[in-house]
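Down below is the structure, laid out as structure tokens.
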Amino acid sequence: MEGKGSQPTLSQQEAFARIRLLRSPNIGPISYRQLIARFGSAAAALDALPDLASRGRGPYRPASADSIEREVMAVRAAGARYLFHDQSDYPALLGELDSAPPILTCRGHLALASAPCVALVGARNASAAAVKLARDFAAALAEAGFTLVSGLARGIDGAAHEGALPQTIGVIASGIDIAYPPQHAALQERIAGEGLLVAEQPPGTEPRGRHFPSRNRIIAGLASGTLVVEAAPQSGSLITARLAGEAGREVMAIPGSPLDARSLGCNQLIRDGAVLVQTPDEVIELLVSFTGAPRSRFRVADSPGAFDYAELARLDWGEARADFSHDIAHLLTNAPVAIDELVRQSQATPAEVHMALLELELAGELVREADGTVRRA
């Protein structure tokens, strides 16, 4: 497997260790990347896990090798493949996210993710007019050379996929071998055969509530812009739009009648700074000229707070680490707080704070929110 840029070829042993590391308890995308940066390889990180998680209530047990062997067999049986974050065909825009999935499972044509992508999302219980509009927009955008990204849900998502086929990517909240919703099983299989199907969860995983926001960040991360066709307030589509805005991508919405509750979410997005669009040509104009500086004013990403994980490899994490991790834990409450604020209050280096947070997360004492903040578990 060829890595991105100057990355060396990934051996089967290291690939297996990476899957095992990511499937181990209390490890998410950020802690996974920090562990790789700190120890240089997944194999070395696995060896260090029990000591790093020693603050926990019991002994730490990484994912078993047997469970990973079963997972690898299930991925192969599904006709899928693994895609690692540093491989050359990993989608570049998705890789820009701090929380980008370190490992994906995929079926279909990966080249679609390298083409210009636009996400199209909306209500599950969409109106007939909105479903037709989504299908027509998707067809026009696909004809213009864009890959349509959506989540295979009922309503707007399904219409977007149908209109764009075969130039479409379906991002699912389940394992790569689980069809959800069941009524889209045929559509999901067609996307896997003609387009691209992507999953973050291990095979065999049934979708749960917490998986859908994670799926939404992938949808937003793959695309240079997200278009919301019809959505109620506080819907999953608005979460996708917010994540797109926080990633510094274009956020667009089609306005609707204030008398229809299914249009209130789009109208709210426009009021909050999303770009009002009414034709596919307006979407194309926005995205063809997209340079990384969105014209929408909807939750533009903040640049402060970036941290180079390579600093963790140079950190001298000595005997005082337990006391320092305790001090950081003392600063945490159930209310999310920015890591920069913890650095400021602890008067420690960013590397020391990130390493302490990593230990607390492995011990099950810390939760990372989607916006990069942290809180006590």
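Want the number for Arg154 to Asp316: 0.36 nm per residue separation, take away the alpha-carbon distance, what's left?
Working: separation 162, 0.36 × 162 = 58.32 nm, distance 5.14 nm.
Result: 53.2 nm gained on full extension.
So how far apart, in nm, are the two label points at Tyr309 and Asp281 if each is 7 Å from Cα heading toward Cβ?
Distance between the two pseudo-spin positions: 4.5 nm.
Can you pull the one-decimal nm distance between simple spin-label points at Leu331 and Glu369, each 7 Å off the Cα toward Cβ?
For Leu331 paired with Glu369, the spin-label model returns 1.7 nm.
What net charge is computed for the residues neighbouring Ala199, neighbours being all others with C-beta under 10 Å from the C-beta of Ala199, Lys and Arg scored +1, Asp and Glu -1?
Numbers: positive: Arg107, Arg215; negative: Asp177, Glu200.
Combined, the nearby Lys, Arg, Asp and Glu give 0.
With a 10 Å radius around each residue's Cβ, average the other Cβ atoms per peptide and rank 267-275, 36-44, 147-155, highest first.
Values: 267-275: 20.1, 36-44: 17.8, 147-155: 25.2.
In decreasing order of mean packing, 267-275, 36-44, 147-155 become 147-155, 267-275, 36-44.
Using the alpha carbons of region 37-152, what is the convex hull volume per residue in cubic angstrom, as a whole number? Before the final figure, lay out each step's value.
Working: hull volume 20.8 nm³, N = 116.
Dividing the Cα hull volume of region 37-152 by its residues yields 179 Å³.
5 Å is the cut-off here: which amide hydrogens, built 1.01 Å from N in the peptide plane, fall below it relative to Val149, excluding neighbours closer than 5 in sequence?
The list, which skips near neighbours in sequence, is Val118, Ala119, Leu120, Ile169.
On average over all directions, what projected area in square nanometres does the chain have, based on the convex hull of its Cα atoms? Numbers along the way, then the final one.
On the way: hull surface 73.7 nm².
Quarter of the Cα hull surface area: 18.4 nm².
Mind pulling up the Rg/Rh value for region 226-377? Radius of gyration and Kirkwood radius, both on Cα. All intermediate terms of the calculation are to be shown ahead of the outcome.
Details: Rg = 20.3 Å, Rh = 17.9 Å.
The Rg/Rh ratio comes out at 1.13.
Amide H to amide H under 5 Å from Ile27: which residues, 5+ apart in sequence or cross-chain, H placed 1.01 Å off N in plane?
HN-HN under 5 Å from Ile27: empty list.
Please give the FRET efficiency for Ala129 paired with Phe212, using the beta carbon to beta carbon distance and R0 = 35 Å, rounded to the nearest 0.05. Working shown, then result.
Values: r = 25 Å, r/R0 = 0.73.
After rounding to 0.05, the efficiency reads 0.85.
So in the chain, what percent of DSSP beta bridges are antiparallel if you round to the nearest 5?
On the way: 13 of 33 bridges.
DSSP beta bridges in the chain are roughly 40 percent antiparallel.
How much FRET efficiency would the formula 1/(1 + (r/R0)^6) give for Asp98 and Glu194, where r is the Cβ-Cβ distance and R0 is 35 Å, rounded to 0.05? Each step should come with its number before you reach the end.
On the way: r = 32 Å, r/R0 = 0.92.
About 0.60, to the nearest 0.05.
Provide the per-residue ³J(HN,Hα) series for region 216-222, in order, calculated from phi with Karplus coefficients 6.51, -1.76, 1.60 and θ = phi - 60°, each as a whole number of Hz, with x at glycine and proline positions.
Coupling constants for region 216-222: 4, 5, 5, 4, 5, x, 6 Hz.
Tilt of helix 321-331 relative to the longest C-alpha principal axis of the chain, in degrees (0 to 90, nearest 10)?
Helix 321-331 sits at roughly 50 degrees to that axis.
How high is the relative contact order of region 53-172, in percent, with contacts defined as C-alpha pairs under 8 Å that are six or more residues apart?
Values: 162 pairs, mean separation 23.5, N = 120.
With pairs under 8 Å counted, the relative contact order is 20 percent.
With every protein chain kept in place and ligands, DNA and RNA left out, what is the accessible area per residue of region 210-293? Probe 1.4 Å, answer in Å². Don't skip to the answer; put the middle values down first.
On the way: 3250 Å² over 84 residues.
The answer is 39 Å² per residue.
Within 10 Å, count the other beta carbons around each residue, average over each peptide in 78-86, 364-372, 214-222, and list them highest first. Each step should come with its number before you reach the end.
Details: 78-86: 18.4, 364-372: 16.6, 214-222: 25.4.
In descending order of packing, they fall as 214-222, 78-86, 364-372.
What FRET efficiency, computed as 1/(1 + (r/R0)^6) with R0 = 25 Å and r the Cβ-Cβ distance, is obtained for Asp323 and Ala48, rounded to the nearest 0.05?
On the way: r = 20 Å, r/R0 = 0.78.
E between Asp323 and Ala48, to the nearest 0.05, is 0.80.
Just to be sure I understand the model, the point goes 7 Å from the Cα along the line to the Cβ. What's the resulting Met73 to Thr349 distance in nm?
4.6 nm
The values are calculated or read from the model by the stated rules, or taken from the named source; none is laboratory data. Since the structure is predicted, the reported quantities are computational estimates derived from the model, not experimental observations. For neighbour counting, all protein chains shown are included, and Cβ atoms are generated from backbone atoms with ideal geometry for every residue, glycine included. Calculation scope for accessible area: heavy atoms of the full protein, side chains included, ligands and nucleic acids excluded. Shrake-Rupley method; radii C 1.70, N 1.55, O 1.52, S 1.80 Å.
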